[in-house]
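The values are calculated or read from the model by the stated rules, or taken from the named source; none is laboratory data. As the structure is a prediction and not an experimental result, all values here were calculated from the model. Here the Cβ positions follow ideal geometry from the backbone for every residue, glycine too, while neighbour counts run over all protein chains shown.
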Amino acid sequence: MRTVLFPLLLVCACTAVTERTYEASIYGEEFIEEGIPAAIFSDDWSVTFDKFLVSVGDITVADQPLGEEDEPYRIFDLAQASDGAGFPILEGTIAAEDPGAAYVIGPSSGAVAGNASEEDVALMKDGGYSIYVQGAATRGGETLTFIWGFSTRTLYTYCALAGATDVQLTIHADHLFYDDLFAENPRVSFDLIAASDDGDGELTADDLRAVDITTEERYQVGHLTNITDLWSFVEQLTATLGHINGEGHCSAVRTD
């Protein structure tokens with residue numbers, strides 16, 4: 001009797017990952033376009049922004065770049081009205097299953113205009129800024145102005161898209177006024193910033209640098225003990241501005 005050996009057929013039940021088009025945009029929400037009302041602040045100040053310039057780039061989905069490999073950074077003025085839609089950045093087709101997104105807010109000498117004016121693009125590039133805010137704070141009959149430029153570079157990763165193809169980089173301006181770097185529920189406050197005024201009604205970086213926060217009960221810095229003045233504190237807060245699709249969170253790391 002002869003034994004016949006039949007070859008085993010290996011069958012692969014593979015499922016192809018569908019390509020999807022992801023659309024990236026950036027939005028500062030009502031707090032930037034319309035202002036942060038006094039009800040949000042713990043000390044009854046309100047804040048409005050004339051400019052809120054942001055330099056953004058290196059946008060990826062599933063570690064794959066949206067658009068071309070060498071897409072330039074783009075500069076947006078989030079204080080411009082968008083009717084709640086935000087401003088488009090770019091789009092790309094990517095095959096991935098349940099991907100996350102990543103992006104950078106940082107200075108770039110090769111940045112181009114998103115919706116910002118050419119003058120504002122030049123201001124950002126010449127100053128080496130990633131974020132530039134110009135606005136005013138008001139309480140009662142008192143108004144103080146501020147113009148702050150930041151050169152921080154923050155990498156936002158592990159931004160969960162939860163199946164969405166919208167990649168909205170959402171910027172939370174109220175975080176600039178937090179009174180703690182690591183508390184779960186920090187207060188939005190302005191009194192200490194206002195107190196830095198040297199009498200001219202304009203709150204400058206130098207005014208904030210002159211404020212020693214090491215004796216403050218609030219304005220805690222956790223392990224970042226090198227942060228000892230109010231300007232360095234607010235500068236660190238810039239690394240908390242970025243979110244994804246509204247309230248979605250990312251992992252944020254300063255790389256400057």
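Considering only the range 46-57, I want to know if a residue exists there that is part of a loop (DSSP other than H, G, I, E, B), touching a residue at least 24 places away in the same chain (Cβ under 8 Å), out of contact with any Leu (no Cβ under 8 Å at 6 or more places or on another chain) and not basic (Lys, Arg). No - not one qualifying residue is present in the range 46-57. One residue stands out in the range 209-228 among those that are touching a residue at least 40 places away in the same chain (Cβ under 8 Å) and either surrounded by 13 or more Cβ atoms within 10 Å (Cβ to Cβ) or touching a helix residue (DSSP H, G or I) at 6+ places or on another chain (Cβ under 7 Å) (or both): the one that is farthest from Glu184 (Cα to Cα), namely Ile227. The condition of being modelled with pLDDT under 95 and either closer than 26 Å to Thr48 by Cβ or buried (at least 16 other Cβ atoms within 10 Å of the Cβ) (or both) holds for only one of Gly127, Gly141, that being Gly141. The numbered conditions (1) closer than 18 Å to Arg20 by Cβ; (2) of a type outside the set (Ser, Thr, Tyr); (3) surrounded by fewer than 17 Cβ atoms within 10 Å (Cβ to Cβ) are all true for Glu119 except (1).
A single entry from Gly92, Gly135, Gly100 fulfils the requirement of being touching a Pro at 6+ places or on another chain (Cβ under 9 Å), small (Gly, Ala, Ser) and in contact (Cβ under 8 Å) with a residue 12 or more places away in the chain: Gly92. Restricted to the range 75-91, and to residues there that are in contact with a strand residue (DSSP E or B) (Cβ under 6 Å, 6 or more places away or on another chain) and farther than 16 Å from Phe150 by Cα, the residue that is surrounded by the most Cβ atoms within 10 Å (Cβ to Cβ) is Ile89. Among the conditions (1) surrounded by fewer than 16 Cβ atoms within 10 Å (Cβ to Cβ); (2) over 30 Å from Ile89 (Cβ atoms); (3) among the hydroxyl-bearing types (Ser, Thr, Tyr); (4) touching a residue at least 60 places away in the same chain (Cβ under 8 Å), Tyr158 misses just one, which is (2). Exactly one of these conditions fails for Thr165: (1) at pLDDT 95 or above; (2) surrounded by fewer than 22 Cβ atoms within 10 Å (Cβ to Cβ); (3) more than 18 Å from Gly57 (Cβ to Cβ). Give me its number. Here Thr165 meets the rest and fails (1).
Each row is one residue, and each column tells you yes or no for (1) closer than 21 Å to Arg153 by Cα; (2) of a type in the set (S, T, N, Q); (3) modelled with pLDDT of 95 or more; (4) more than 22 Å from the chain's Cα centre (by Cα).
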residue	(1), (2), (3), (4)
Pro186	no, no, yes, no
Glu202	no, no, yes, yes
Leu208	yes, no, yes, no
Ser251	yes, yes, yes, no
Thr255	yes, yes, yes, no
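Of all residue pairs spaced 6 or more apart or on separate chains, those with beta-carbon atoms under 7 Å, a first member in the range 67-84 that is free of Cβ contacts under 8 Å to residues at least 60 places away in the same chain and within 14 Å of Ile26 (Cβ to Cβ) and a second member that is part of a loop (DSSP other than H, G, I, E, B) and among the polar types (S, T, N, Q) are Tyr73/Ser108; Phe76/Asn115; Asp77/Asn115; Gln80/Asn115.
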